[in-house]
Structures are given as structure tokens and as C-alpha cells.
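Readers should treat all values here as calculations from the given coordinates under stated rules, not as data from a laboratory. Remember, it's a predicted structure, so these values are computed and weren't measured experimentally. Because the Cβ atoms are built from the backbone with ideal geometry, glycine has one as well, and the counts that use them run over all protein chains shown.
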Amino acid sequence: MATQLTLNTARDADGTPRVIATGEIDLSNIDRFTQALTTASGGTRGPITIDIGAVRYIDSAGINALFDHAVAVDGLHVIVHPFLIRVITISGLDKLASVETAPASDA
């Protein structure tokens, strides 16, 4: 059974694609997450923002997807839930992408 994950796409004011994820990212839903990243990029190497500020759990499959996308585009910006910032930093993703901590929320 797939873990709950909601994915939405948008464009920032400057036209940069944005993927917004809510829930958890793990092996059960990694194909949907990866497809959302690929679709939002539109096959270009341009910058993209991935907002996982409402994701409180990400496993190694999710981290790997972020790494793969960081290498595939020019300018990956990741907004991360405060619970996950240490995982992202330890993984080294912050060396390949711009990483920002999302504002803390009670949700």
C-alpha cells in the first residue's frame, strides 16, 4: 500500500516550475514523486523548486530522487521541513542544490 503523498505543481512569479509535496516520500510512492519532478521540469535543464516543507519523512529513495534531479537541472532549490534539514545536510544534497528550511508550523 502506498504511503500518502500529495503532489502539486505551480510556477513561481518568474516562471520557475515548483513541485509541492505533502505527506511522506518513500519507496511506495517514489515513482509518482520522480514523475512529478520530471514533468515539472518539462525536459529542460532550467531551474526548479521542490517544496518538501510539508514532508516530515523521506527515505533513501526520495533522497536519491533529489540527487538525480539536482544533477539533471541547472539550479535546484529545495525547501525542506525543519525535521528533515539535518538529513538533507548529512546526505550532502546541500552541496549540489540550494537548500532552505521551511518556516516551522504546528501542522
Inset, instruction - Could you work out the relative contact order of the chain, using alpha carbon pairs under 8 angstrom and six or more residues apart, expressed as a whole percent? - result: 23 percent
Legend entry - In sequence order, calculated HN-Hα J values of segment 43-57 (Karplus, 6.51, -1.76, 1.60; Hz; x Gly/Pro): x, 9, 9, x, x, 8, 10, 10, 9, 10, x, 9, 9, 9, 8
Inset, instruction - Could you list which residues have their amide H under 5 Å from that of Arg56, counting only those 5 or more apart in sequence or on another chain, with H placed in the peptide plane? - result: Gly23
Legend entry - q = 0.11, 0.19 Å⁻¹, the chain: log10 I(q)/I(0) [Debye, one scatterer per Cα]: -0.29, -0.91
Legend entry - Antiparallel %, DSSP beta bridges [both residues in the chain], to 5: 30 percent
Inset, instruction - State to the nearest 20 debye the size of the charge dipole of the chain about its Cα centre, where the only charges are +1 on K and R beta carbons and -1 on D and E beta carbons. - result: 80 debye
